[in-house]
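Q: Got a structure for you, written out below as structure tokens; questions coming shortly.
The values are calculated or read from the model by the stated rules, or taken from the named source; none is laboratory data. Everything quoted here is computed from the prediction, not taken from an experiment. With ideal geometry, Cβ positions are generated from the backbone for all residues, glycine too; neighbour counts draw on all protein chains shown.
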Amino acid sequence: MKLLLVDDDAFLRDMYATKFTEAGDAVQVAHDGAKALSILAEETFDVIIMDMVMPGMSGVDLLEAIQKNEQTKKSVCIVLSNQGEQSDIDAAHNAGADGYIIKAESIPSEVVAKVHKIVTK
């Protein structure tokens, strides 16, 4: 599947990109929400994975922007964050997230498996 991974932490972004690529996915990355929207204006993705806390635009802001666009709202949107409060999870789901994965609760290979499971629901 083709996915866009949005995270401001370069180490985590590269690590997850490597894991998804090893699993056979085509991965493109963005370091923040603005860059993600720029990429999304040019191409479509099966899955968009984003962090909740990023400079300039939060994950919720990005989700809301994605949902307003007929082209991008078809993508499966998954939050991958260390923000584990129920209020964060609820805010993400209310903004259009199809799934929410807490980074600290899963090793990278489990994150890949969870994303694949959410997409195939």
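Q: Does segment 77-86 contain any residue that is more than 17 Å from Y16 (Cα to Cα), modelled with pLDDT of 95 or more and assigned to a helix (DSSP H, G or I)?
A: yes
Q: Also: Assigned to a loop (DSSP other than H, G, I, E, B), more than 12 Å from the chain's Cα centre (by Cα) and surrounded by fewer than 17 Cβ atoms within 10 Å (Cβ to Cβ) - does that describe any residue in segment 96-107?
A: From segment 96-107, those assigned to a loop (DSSP other than H, G, I, E, B) are 96-98, 106-107; that's our starting set.
So of that shortlist, the ones also more than 12 Å from the chain's Cα centre (by Cα) come out as 106-107.
Next cut, surrounded by fewer than 17 Cβ atoms within 10 Å (Cβ to Cβ) only: 106-107.
Among the residues of segment 96-107, at least one is assigned to a loop (DSSP other than H, G, I, E, B), more than 12 Å from the chain's Cα centre (by Cα) and surrounded by fewer than 17 Cβ atoms within 10 Å (Cβ to Cβ), which makes the answer yes.
Q: While we're on this one: Which helices (runs of 4 or more DSSP H) sit wholly inside segment 9-73 and have at least 2 residues that are in contact with a Cys (Cβ under 8 Å, 6 or more places away or on another chain), surrounded by fewer than 14 Cβ atoms within 10 Å (Cβ to Cβ) and not β-branched (V, I, T)?
A: So the answer is none; nothing clears 2.
Q: For segment 70-81, enumerate the residues that are more than 12 Å from G96 (Cα to Cα) and in contact (Cβ under 8 Å) with a residue 24 or more places away in the chain.
A: Taking segment 70-81 and keeping what is more than 12 Å from G96 (Cα to Cα), we get 70-71, 80-81.
If the condition is that a residue be more than 12 Å from G96 (Cα to Cα) and in contact (Cβ under 8 Å) with a residue 24 or more places away in the chain, then Q71, L80, S81 are the ones that fit.
Q: Could I ask something else about it? What single numbered condition from (1) within 13 Å of D7 (Cα to Cα); (2) modelled with pLDDT under 95 fails to hold for A104?
A: Unmet for A104, out of (1) within 13 Å of D7 (Cα to Cα); (2) modelled with pLDDT under 95: (1).
Q: Moving to a separate point now. Against the condition touching a residue at least 24 places away in the same chain (Cβ under 8 Å), out of contact with any strand residue (DSSP E or B) (no Cβ under 6 Å at 6 or more places or on another chain) and either under 17 Å from D8 (Cβ atoms) or hydroxyl-bearing (S, T, Y) (or both), how does A65 come out, does it pass? Explain how you work it out, then say what you get.
A: Numbers: touching a residue at least 24 places away in the same chain (Cβ under 8 Å): yes; out of contact with any strand residue (DSSP E or B) (no Cβ under 6 Å at 6 or more places or on another chain): yes; either under 17 Å from D8 (Cβ atoms) or hydroxyl-bearing (S, T, Y) (or both): yes.
Yes, satisfied.
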